[in-house]
Amino acid sequence: MLINYGFDISITISQSTPLVTLLDIRDERRGDIIDESPLIIAPEVAASTYRDQFGNICRRLVAPAGDFQITRSGTIRDSGETDFIDESLAEIPVPDLPDDVLVYLLGSRYCETDRLSQLAWNQFGSIKPGWGRVQAIVDFVHNQLTFGYQHARATRTAADAFDERVGVCRDLAHLTIALCRCLNIPARYVNGYLGDIGVPKDPAPMDFSAWCEVYLGGRWCTFDARHNKPRIGRIVVAYGRDATDVPLFHSFGPHVLKSFKVWTDEVIAPTTQSARPAA
């Protein structure tokens, strides 16, 4: 299947301000891109690209004072399959974990393992390790937190979300990640596109989505406490320890969001009708 994706974001700033953006699809999926427009920056300024410590594609630029807009669109090929599930996958003992996975066991800005450790062990310590225990964590988070865009708050941590019982997708991801890490299960934060493909259309304006990946059986596996069901068409933009590592815009100065539009839609092939036989 093919998916159209893109964004159109505008901000207003009072003075020339350095920015770092994380808006490019990661290298692992770039081979699936069928067509992608150049990154449109208005007013046009020079931008350089680098990979951060997590392999995310980052762009550095300096935005002039006034209104500033950044836009891109494209089409990507997708398998059309739902999220991978293998309930036989086991947890990997800490001594056997790859070196680059260890960072995803540690507490981070929004995932306070110190505050949630006792809860995690009380709630999930007696469950058999493996896929089933991670799914129990996801079920718990899905049931404990009420999702709603009106609940968004940039400073809310995983522990805050548990106490407040509300959040947006990033909060559900943070709480899932923190509880997994408390049990010595590596978990990382994911930011990307997730459209309403194969599910009823959400009437709310589309946004970038957040979910998590958990390291089981020697591979990273997708878990999404907000939806808590396999989904089609995830397109990863960035990985990190938590939302601190993957802001869409990292602004080294104040700015005001003027407009924000994201789209992710399945390309529907036009139907063809057979020629009517002559009478």
Worksheet item: Can you give the calculated 222 nm mean residue ellipticity of the chain, where each DSSP H run of n ≥ 4 adds -39,500 (n - 2.57) and the sum is split over every residue, rounded to the nearest 500 deg cm²/dmol?
Response: -5500 deg cm²/dmol
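Quick one: putting +1 on the C-beta of Lys and Arg, -1 on the C-beta of Asp and Glu, what dipole do you get for the chain around its Cα centre, in Debye to the nearest 20? Write down the numbers at each step before the final one.
Details: 28 positive and 35 negative charges, 67 e Å.
It comes to approximately 320 debye.
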Worksheet item: Where the centroid of each part is defined by its Cα atoms, how far is region 77-144 from region 188-227 in Å?
Response: 15
Practice prompt. Could you point to the label whose value was computed as Cα extents along the principal axes in Å for the structure here, given [x] 70, 65, 36; [y] 80, 49, 35; [z] 53, 49, 29?
Written response: [x]
Discussion item. How large is the convex hull of the C-alpha atoms of region 49-118 per residue, in Å³?
Written reply: 242
Worksheet item: Among all the aspartates and glutamates, which ones have a C-alpha under 13 Å from Lys128's C-alpha, if same-chain residues fewer than 8 places away are not counted?
Response: Glu87, Glu91
Worksheet entry | Gained length - Asp202 relative to Glu44, 0.36 nm times residue gap less alpha-carbon distance | 53.5 nm
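With a 1.4 Å probe and every protein chain kept in, tell me what percent of the accessible surface of region 1-157 is carbon plus sulfur. It would help to have the intermediate numbers written out before the result.
Details: 4080 of 8190 Å².
C and S fraction of accessible area: 50 percent.
Which is the longest run of the chain containing none of the GluC sites (Glu not before Pro) found in DSSP loop states (not H, G, I, E, B) with at most 11 other C-beta atoms within 10 Å?
Counting at most 11 other Cβ atoms within 10 Å as exposed, the longest clean stretch of the chain is 88-279.
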Fill in: Longest segment of the chain lacking trypsin sites (Lys or Arg not before Pro) that sit in a DSSP loop with at most 16 other Cβ atoms within 10 Å
1-108
Worksheet item: If the cut-off is a Cα-Cα distance under 22 Å, which lysines reach Lys261, setting aside same-chain residues fewer than 8 apart in sequence?
Response: Lys201
Worksheet item: Tell me, which longest segment in the chain has none of the chymotrypsin sites (Phe, Trp or Tyr not before Pro) that fall in DSSP loops with at most 13 further Cβ atoms within 10 Å?
Response: 85-251
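The values are calculated or read from the model by the stated rules, or taken from the named source; none is laboratory data. Since the model is a prediction, treat every value here as computed from it, not as a measurement. Heads up, the Cβs are rebuilt from the backbone with ideal geometry, glycines too, and the neighbour counts pull from every protein chain shown. Note: areas computed on protein heavy atoms with side chains; ligands, DNA, RNA excluded. Shrake-Rupley method; radii C 1.70, N 1.55, O 1.52, S 1.80 Å.
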